[in-house]
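Scroll down for the structure; my scribbles are underneath it.
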Amino acid sequence: MTQRISRRSFIEGSIKGGLAVGIGAKLEVLPVAASTTSGTAKELILKVAGNSQRGYAVDLYLNGRSFAQHNQSGEFSARFQNEERSLEDLVDNWKAASWSGNSSRISLAGECKLKNLNTTVFVRVDYELVTASVVRKQIRLQQSDMFMLFYQLTNRLEAAEEPAKFWSFDQLEWNGGPLREYFPAAGFRTKDGVCVGLLTDSGFRNQWTRTVRRDGRPMKPAPRRIADANLYSGSAAKLRSKGDFFVQQTFGEVLEQESGEKNKNIVLPEISRWKIQGSASLHNTENTINIITKTSDDGVLIPFSAQALDVYEIRLQYRSSSPVAIEIWDVDEKVDRVMEVTLYNDAAPASAEDWADFETTVFLPELRGKGCALYLSVAPSEQAMKVDSATSIAVRDLQLRRVPTISEPYHRLGMGTTGEKVAFVFADENVPDTVRGHRLASQIHLSEALGFKGGQTEKVLYADLMMLCWIAGPESFRPICAPSIWYSAAGEMYLRDSFFALSGTYNRQLNQQVSDLWAENQGEDGAINTLMEPNLANVERKSNDSTPLWLMWALLNRRRFGIEPEPEKLRKAVEYCLRTYDPRRQGVCSAQFVMGQLDVIRFPQGTSEICENQGMLAVTARVIRELQIPGVSDSITDAYLAKAEELYRSYYDPVKKFLRPARSIADAIGFADIFPEYLSLWLFGRKILTDEMVVNHLDRIPVMMPRTDCPHPEAGGTVRPIFIGLPEGSTPWRYFDQHWHPMVSDSFAASYANHGMDGIYYNGGSWMRIEICGYATGKLHGWRSATKSIDNRLWAEINVAPDFPTSQEYLATDADHPFFGYHRAFAWNSFVLPALELAGLRSPHMDPDYVTK
């Protein structure tokens, strides 16, 4: 975070904060009365260590015992370069010249004299006990000598004595090195059972990003410049053997690939040392390798030595009648997979007759095993699933090279501005030594440190969102909202996710700047794009819900923050909606896509069949009128709105007692059909559907996954499916299959074969955002099960998959198919926060950014 501040103001602020204390002063430690939610008495306090000769730093104590210190590492280390990168200064283990404060708040001050740059950087480091278990550390840098400095900063948390173990968010036993995990958090456990964790403020404030891929066809290569690869790292075995025990954060570092002429060949092992996976077979003829396999689970592994933070170039030629998987695996000493590095590579396309060239680069962000292996097989695609016989993959001219990289700082410290980094340290004696325990503690302590209030699941949702709000990249410091770390390996941002995630909070900066980004991405026809990426254009301007949601966002930003959108962009978006969704202006919605999250289904000629679309038109039309655009909004008459709303109600089947998802579909039911009703209640406090319609519809959606340990076991289940079959006869519900899949195109049908997708994704999966919005809608319509259903669903989000107490993309509802997808720590679920407000179960004041008008 960078803000403008004069050098005089910076120094005067330091003096007013008591930083001009005598150099030789000693700190009298004052005990702090601290309470915890569990009622256990704790004393987390701060102490200053050092003297006028060695400098001053802060140590952290719990119950009178030091658990973290800065005696060796100082408060931070930094690297500075001038704008042309010809001069550089390093600052190692900085300590302060003066301090002031007490046991709950300490301020340190001093300077960095940069000899080569002939510049002085003034430093202030503030510590504050913000909860009973969490300390906030704020580092601020300021200079007034140069137009601009590039800088990177490393903040290290050093254990006071050898820990019992280290942990990270995804690893119960962490061996150190760099990390790129679902959620940035890591720490150690002391020998007396205290869990210590290092957390970071959100990436849009601390200016970090998690992008490690660039979109491309058919593969997603590593970007040329990879930012914040060392955002989290820790001492590995070699350093620990020397008594060096630490976890650290590095902000503002970028790795840049050097010229391809410097790429170093990696000698691959003889074919006899390649490992056959599963039932695959391997044949070598002259200069060609032939791999025979039926499934993507069977293939060939080619081991090679590797290091974390390396970039590798893969080249080969291949022939195959099926798409080919060309992956890099992190493997153990037995060459068994630890994890797949290239998780989101697409399949190399089939080339049955001609030799096809394949080339990509892969970044290895972390290494948990003992090395890596190149994996060759058929790709796990729909096409590959249709193969009945074995596939032969011919490979020749296989080459693997390491691409050298250089490291340089990329954060900017302008003249007269302040660069700021905020970290948090928590110390908690009550964290179970489990993956779940560390994950839950990291998320809850971060939420509480940021001032967020709410129940356990609400805190998890907020923390996950904050860790998914990053900067776009090392050239752009504008904030983006990533759906999840896996979705956004290439920096993707989706309009739908952005709207739901950020409008669930009261943060003005995020809501304004990210909605402005989408406005800038508007097409000439007025449509707002669905997908935006930093390093490759990905144009999806289509008649889904993107443009209507952006209009709702504009209305919300006006109401909440007094922000007026750019008039011409607003007008173009409104005119696009009216022209596209109701060209005859009869109140009848027509679109080529579903106006919701199932927008992968295309209707090239347009359709007026879909219930959700009609409801979205009714709500969007009222939004357009509320926006008061001269010459446009007044065309939305009461009669037009009444017609659109009546058509939405007409999807209710009084015999079957639910809203049909489409006119022609009477054997499936879902939450999407009452989501427009939620939007109407949320935006306008207005009911479109009758109480009877909503109550009956919710009663017809089956309750699933009963648990005796949930808040309300008597409710019969903890979740309901987003979309599921509701056939005639005695069967109360059913999953879709290869031959029966309403609202889903035939191209997806293969994955339903043999019950392969029962309870997964849109085939009966449980999606919290839309589900809880449905329950809130039910509560306002008098549905008696609403509060219990909300309680159970919030509980299910962090308990159904016990090792993943995070925000989920969806929960699987079939015990035989417990795959919940790769999208953990998911952003858009924070939209349930305003739904809870609407249901009377939260108040706006519980959000740290809410400002009373």
Out of F188, F169, sole residue that is without any contact (Cβ under 8 Å) to a residue 60 or more places away in the chain, open to solvent by less than 10 Å² (accessible area, probe 1.4 Å) and either farther than 14 Å from L446 by Cα or not charged (D, E, K, R) (or both):
F188
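Out of all the residues in the range 282-321, which are within 30 Å of T250 (Cα to Cα) and open to solvent by less than 10 Å² (accessible area, probe 1.4 Å)? Before the answer, list the steps.
Going residue by residue through the range 282-321, those that are within 30 Å of T250 (Cα to Cα) are 304-314.
Residues satisfying the conditions are V311, Y312, I314.
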Boolean, Y487 is open to solvent by 20 Å² or more (accessible area, probe 1.4 Å), modelled with pLDDT of 95 or more, of a type in the set (S, T, Y) and out of contact with any helix residue (DSSP H, G or I) (no Cβ under 6 Å at 6 or more places or on another chain)
no
Which numbered condition R571 misses (of (1) of a type in the set (K, R); (2) modelled with pLDDT of 95 or more; (3) farther than 25 Å from E645 by Cα):
(3)
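Surrounded by 21 or more Cβ atoms within 10 Å (Cβ to Cβ), farther than 24 Å from F363 by Cβ, touching a residue at least 24 places away in the same chain (Cβ under 8 Å) and in contact with a Lys or Arg (Cβ under 9 Å, 6 or more places away or on another chain) - does that describe any residue in the range 247-255?
No, the range 247-255 contains no residue that is surrounded by 21 or more Cβ atoms within 10 Å (Cβ to Cβ), farther than 24 Å from F363 by Cβ, touching a residue at least 24 places away in the same chain (Cβ under 8 Å) and in contact with a Lys or Arg (Cβ under 9 Å, 6 or more places away or on another chain).
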In the range 134-166, how many are open to solvent by less than 10 Å² (accessible area, probe 1.4 Å) and outside any strand (DSSP E or B)?
0
Which of the residues spanning the range 74-106 are outside any strand (DSSP E or B) and open to solvent by less than 10 Å² (accessible area, probe 1.4 Å)?
G74, E75, S103
So L465, is it farther than 25 Å from W795 by Cβ, crowded, with 24+ Cβ neighbours inside 10 Å and either of a type in the set (D, E, K, R) or touching a helix residue (DSSP H, G or I) at 6+ places or on another chain (Cβ under 6 Å) (or both)
no
Scan the range 223-234 for residues that are closer than 22 Å to D170 by Cβ and either in contact (Cβ under 8 Å) with a residue 60 or more places away in the chain or in a strand (DSSP E or B) (or both) and jot them down.
I226, A227, A229, N230, Y232, S233, G234
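Looking at the range 111-133 only, could you name the residues that are of a type in the set (A, V, I, L, M) and either open to solvent by 30 Å² or more (accessible area, probe 1.4 Å) or closer than 25 Å to D192 by Cα (or both)?
L129, V130, A132
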Can you name the residue in the range 727-736 that is in a loop (DSSP other than H, G, I, E, B) and open to solvent by 40 Å² or more (accessible area, probe 1.4 Å) and, of all such residues, is nearest to D667 (Cα to Cα)?
E728
Can you name the number of the only condition in (1) in contact with a Leu (Cβ under 7 Å, 6 or more places away or on another chain); (2) closer than 15 Å to F246 by Cβ; (3) not β-branched (V, I, T) that A159 fails?
(1)
Taking the range 423-432 on its own, how many of its residues are open to solvent by 10 Å² or more (accessible area, probe 1.4 Å) and either assigned to a strand (DSSP E or B) or without any contact (Cβ under 8 Å) to a residue 12 or more places away in the chain (or both)?
3
Looking at the structure I just gave you, is F820 aromatic (F, W, Y) and touching a helix residue (DSSP H, G or I) at 6+ places or on another chain (Cβ under 8 Å)?
no
Hey, any hits in the range 766-773 for a residue that's closer than 18 Å to Y810 by Cα, surrounded by 17 or more Cβ atoms within 10 Å (Cβ to Cβ) and out of contact with any helix residue (DSSP H, G or I) (no Cβ under 7 Å at 6 or more places or on another chain)?
yes
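The values are calculated or read from the model by the stated rules, or taken from the named source; none is laboratory data. Everything numeric here is computed off the predicted structure, so don't read it as measured data. Counting neighbours? That spans all protein chains shown, and the Cβs are built from the backbone with ideal geometry, glycine included. In case anyone asks, the SASA skips ligands and DNA or RNA and just uses the protein heavy atoms, side chains included. Shrake-Rupley method; radii C 1.70, N 1.55, O 1.52, S 1.80 Å.
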